[in-house]
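A.B. asks: Would you mind keeping the following structure in view while I ask a few things?
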Amino acid sequence: MSAHLTEDMLIRHAFDLAEGQEARDTAEHLTQCESCRMELERLQAKFKALDVLGGEIAISGDLISRVVEEAKTARPVRVIPFGKPAWMAAAAVLVVGVSLFMLANPGGPKDPGGEIVKENDPGGVRHLAEPAKVMLGGGKFSADGQEKAPFAPASAIELVVLPRREKVQLTIYNSADLTLVRERRNLTMKKGWNWLQFMWANTLIDPTSLNLEPLKNTDKIDIQQLVYPARLKDIGRWLIRSEVEGLVPFEITYLTSGLHWRAFYMGTLSADEKMMQLSGYVRVDNGSGEDYEDAQTRLIVGKVHQLDQIAALAKRQYPYDRPGLVKGLGVEHGRHYAGFAIDETDAITSTEFNGETSLYSLGGRPKEIKKEGLSEYFLYTIEGTETIPNTWGKRLPSFDADDIPVESLYKYDEQRWGRAPIRFLSFANDEDHELGETPPPNGSVKVYRHADDDGLLSYVGGADIKYIPVDEDVELKLGAARQVKVACVLMAFETANYKYNGSNNIAGWDEIRTWKITVKNTRDIAVKVEVYRNFGTPYWDLDNSGDCGKYEKDDLDTVKYTLGLDPHTKKEFQYVLRTYHGTREEDWRK
């Protein structure tokens, strides 16, 4: 073939419509003719410009008739830029669509049902996506009669429209800045080949983690491939082969970044501080770039192994690039999650999302959190659904426990906190204390107290709590006490029992100290006080006198005195401490 290729031949080649000898001759000519290759690139650039018309546009029969007439003149296609009237842009797309369709169907353009579109039909409205789907949505047949998959389209006009979510579930891994998103959408399939486009522009979605699965007719729907069209950023397209027609529910899963949660609690003490109401909340902050409507939220406590940060994966120039050194992709159950290792019992393989019972409105009552142990971490599922827009934070109530028995506790330890008692609130994470179902996640606690007279609340203090296992005691450190005082006074000091070595030098001795401890409670309620005394050596003897309460050894060189004090009372006691030094330590061991 010596002459240059015509525009029609180039269009047939670009859209894979040429067959037989023509297809072979055209391909061979393009390898030899630079001029024709440049013309082909120019046409492809024009088709790519039509991506801006991604939505459906209603077109009247009269406009179709005018466009068909224009197509018959075989004039060059003009790309309509932004700012032109909508009907002009639609007409430009139809010129391309109808011209190509007439090349493949000499008898005239047909509608999606296979009927000829009458050029003078003044009736119904056509949708832009429909003729394009007929034109480019199907495959072609090879010499052996097998249908070939269509090429990845250069424009979005023939794509399946991605509808709104029916359901969405978020599983947030705080420690890894990672969220697993599971969406359910009902997609309109036609028999044959379908292209589905997914866009993630201005989000932190990792495109390599995208996965699509049909929830019904799984034996009749085949997800063949996910492609990332060249020079089209933030766009992926699935090729779907369907043997059914109509609405089909699909699940789309992917990993994203930018969603975080934190737990916090509010405790309200009774006037006598013997009981407490404890309310738990979870705040979820969404900085992912995507709005999530009516989302079921699940929280993971614990750490997961991760090769790459999802935020870095999401911000690559191309979805198939990896930041830094190239590492392998994690593959589980046919789903690809870039650099992400996770326990198989987690949401990735869970089926509860497809159930109908967990996603519903609660009419404002506090949400229940479902807790499940998952290997080395813990899963909390917040009852019901919440809409979490991008850039918003939202507080979700998690639990509310009444009448928890608590104890006001004051600790005095000069080594740890200096010369001021520290106030603690003590209770147990067990069934006897109206808790014990699960270890609460890390968070902050603010404690208030009901006043005796007017019932108003007063702020007591705040503390951070760590992961607390079931049946373990909880101690909330609320800060320095002002109404409980502890004074420790050294009353006497002497040395005794000297031992000498062969050079007549002192090799061992005893030190004897007498201490007076005064504990005063100026509060209107009874309190418990723990006084810790550290001796600096494991070699000692102790002699107590006075009202010292319960006495016990805390560790090798520390003892603990536990005293109960009624309102507006004080207690005093003394102890004589003998410590052994040098060779006298051997005598103490005997």
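The values are calculated or read from the model by the stated rules, or taken from the named source; none is laboratory data. From a predicted model like this one, the values you see are computed outputs, not experimental measurements. Cβ coordinates were reconstructed from backbone atoms using ideal geometry, including for glycine residues, and neighbour counts include every protein chain displayed.
A.B. asks: Which is modelled with pLDDT under 85, small (Gly, Ala, Ser) and within 17 Å of Met276 (Cα to Cα), of Gly373, Gly436, Gly363, Gly339? Outline the logic, then answer.
C.D. replies: Numbers: Gly373 fails: within 17 Å of Met276 (Cα to Cα); Gly363 fails: within 17 Å of Met276 (Cα to Cα); Gly339 fails: within 17 Å of Met276 (Cα to Cα).
Within the list Gly373, Gly436, Gly363, Gly339, the selection yields Gly436.
A.B. asks: Quick check on my filter: what residues within the stretch 166-177 are under 15 Å from Glu293 (Cα atoms) and either surrounded by fewer than 18 Cβ atoms within 10 Å (Cβ to Cβ) or touching a Phe, Trp or Tyr at 6+ places or on another chain (Cβ under 8 Å) (or both)?
C.D. replies: Of the residues in the stretch 166-177, the ones under 15 Å from Glu293 (Cα atoms) are 166-171.
Correct list: Glu166, Lys167, Val168, Gln169, Leu170.
A.B. asks: Would you tally the residues in the stretch 495-514 being within 13 Å of Arg578 (Cα to Cα) and of a type in the set (S, T, N, Q)? Before you say what the answer is, go through the steps one by one.
C.D. replies: Start the filter on the stretch 495-514 by keeping residues that are within 13 Å of Arg578 (Cα to Cα), which leaves 495-497, 509-514.
Keeping just the survivors that are of a type in the set (S, T, N, Q) gives 495, 497, 514.
Matching residues across the stretch 495-514 total 3.
A.B. asks: Without any contact (Cβ under 8 Å) to a residue 12 or more places away in the chain and over 36 Å from the mean Cα position of the chain (by Cα) - does that describe any residue in the stretch 466-486? Let's see the steps before the verdict.
C.D. replies: Applying the first criterion (without any contact (Cβ under 8 Å) to a residue 12 or more places away in the chain) to the stretch 466-486 yields 482.
So of that shortlist, the ones also over 36 Å from the mean Cα position of the chain (by Cα) come out as 482.
Yes; the residues of the stretch 466-486 include at least one that is without any contact (Cβ under 8 Å) to a residue 12 or more places away in the chain and over 36 Å from the mean Cα position of the chain (by Cα).
A.B. asks: Further question: Using the structure shown, decide if Lys394 is part of a strand (DSSP E or B) and crowded, with 20+ Cβ neighbours inside 10 Å.
C.D. replies: On the way: part of a strand (DSSP E or B): yes; crowded, with 20+ Cβ neighbours inside 10 Å: no.
So Lys394 fails the test.
A.B. asks: Scan the stretch 224-263 residue by residue and report those that are of a type in the set (A, V, I, L, M, F, W, C), over 25 Å from the mean Cα position of the chain (by Cα), surrounded by 14 or more Cβ atoms within 10 Å (Cβ to Cβ) and more than 20 Å from Val168 (Cβ to Cβ).
C.D. replies: Taking the stretch 224-263 and keeping what is of a type in the set (A, V, I, L, M, F, W, C), we get 226-227, 230, 232, 235, 238-240, 244, 247-248, 250, 252, 255, 259, 261, 263.
Subset that is over 25 Å from the mean Cα position of the chain (by Cα): 227, 230, 232, 239-240, 244, 247-248.
Next cut, surrounded by 14 or more Cβ atoms within 10 Å (Cβ to Cβ) only: 227, 232, 239-240, 244, 248.
Result: Val227, Leu232, Leu239, Ile240, Val244.
A.B. asks: Follow-up question, since we're still on this one. Outside the structural domain of Gly536 (by TED's automatic domain parsing) and not in a strand (DSSP E or B), is that true of Ile404? Step through it out loud before you land on a result.
C.D. replies: Values: outside the structural domain of Gly536 (by TED's automatic domain parsing): yes; not in a strand (DSSP E or B): no.
No: the conditions fail for Ile404.
A.B. asks: So, one more: Tell me, which residue of the stretch 536-576 that is of a type in the set (Asp, Glu) and in a strand (DSSP E or B) is nearest to Glu511 (Cα to Cα)?
C.D. replies: At the first step, the residues of the stretch 536-576 found to be of a type in the set (Asp, Glu) are 541, 543, 547, 552, 554-555, 557, 566, 572.
Checking the rest, the ones that are also in a strand (DSSP E or B) come to 541, 543, 552, 554-555, 572.
Numbers: Asp541: 11, Asp543: 14, Glu552: 22, Asp554: 21, Asp555: 20, Glu572: 23 Å.
Among residues in the stretch 536-576 that are of a type in the set (Asp, Glu) and in a strand (DSSP E or B), the one nearest to Glu511 (Cα to Cα) is Asp541.
A.B. asks: Residues to consider are Tyr448, Tyr459, Tyr532; find the one that is in contact (Cβ under 8 Å) with a residue 40 or more places away in the chain and closer than 21 Å to Tyr281 by Cβ.
C.D. replies: Values: Tyr459 fails: in contact (Cβ under 8 Å) with a residue 40 or more places away in the chain; Tyr532 fails: closer than 21 Å to Tyr281 by Cβ.
The unique qualifying residue is Tyr448.
A.B. asks: In this structure, does Asp402 turn out to be on the phi < 0 side of the Ramachandran plot, surrounded by fewer than 15 Cβ atoms within 10 Å (Cβ to Cβ), without any contact (Cβ under 8 Å) to a residue 60 or more places away in the chain and acidic (Asp, Glu)? Steps first, please.
C.D. replies: Values: on the phi < 0 side of the Ramachandran plot: yes; surrounded by fewer than 15 Cβ atoms within 10 Å (Cβ to Cβ): yes; without any contact (Cβ under 8 Å) to a residue 60 or more places away in the chain: no; acidic (Asp, Glu): yes.
Criteria not met by Asp402.
A.B. asks: Evaluate the following for Glu437: is it within 31 Å of the chain's Cα centre (by Cα), under 20 Å from Val531 (Cβ atoms) and of a type in the set (Asp, Glu)? Spell out the reasoning first.
C.D. replies: Working: within 31 Å of the chain's Cα centre (by Cα): yes; under 20 Å from Val531 (Cβ atoms): no; of a type in the set (Asp, Glu): yes.
Answer is no for this residue.
A.B. asks: Please go through the stretch 255-286 and give me each residue that is within 14 Å of Val181 (Cα to Cα) and not in a strand (DSSP E or B), ordered by number. Show your work before the answer.
C.D. replies: To start, the set of residues in the stretch 255-286 that are within 14 Å of Val181 (Cα to Cα) comprises 255-260, 286.
Correct list: Ser257, Gly258.
A.B. asks: Are any of the residues in the stretch 489-504 part of a strand (DSSP E or B) and at positive phi? Step through it out loud before you land on a result.
C.D. replies: Restricting attention to the stretch 489-504, the residues satisfying the condition of being part of a strand (DSSP E or B) are 489-500.
Applying the additional criterion that residues be at positive phi yields 497.
Yes.
A.B. asks: Given the criterion touching a Cys at 6+ places or on another chain (Cβ under 8 Å) and surrounded by fewer than 17 Cβ atoms within 10 Å (Cβ to Cβ), identify the matching residue among Glu414, Glu472.
C.D. replies: Working: Glu472 fails: touching a Cys at 6+ places or on another chain (Cβ under 8 Å).
On inspection, the qualifying residue turns out to be Glu414.
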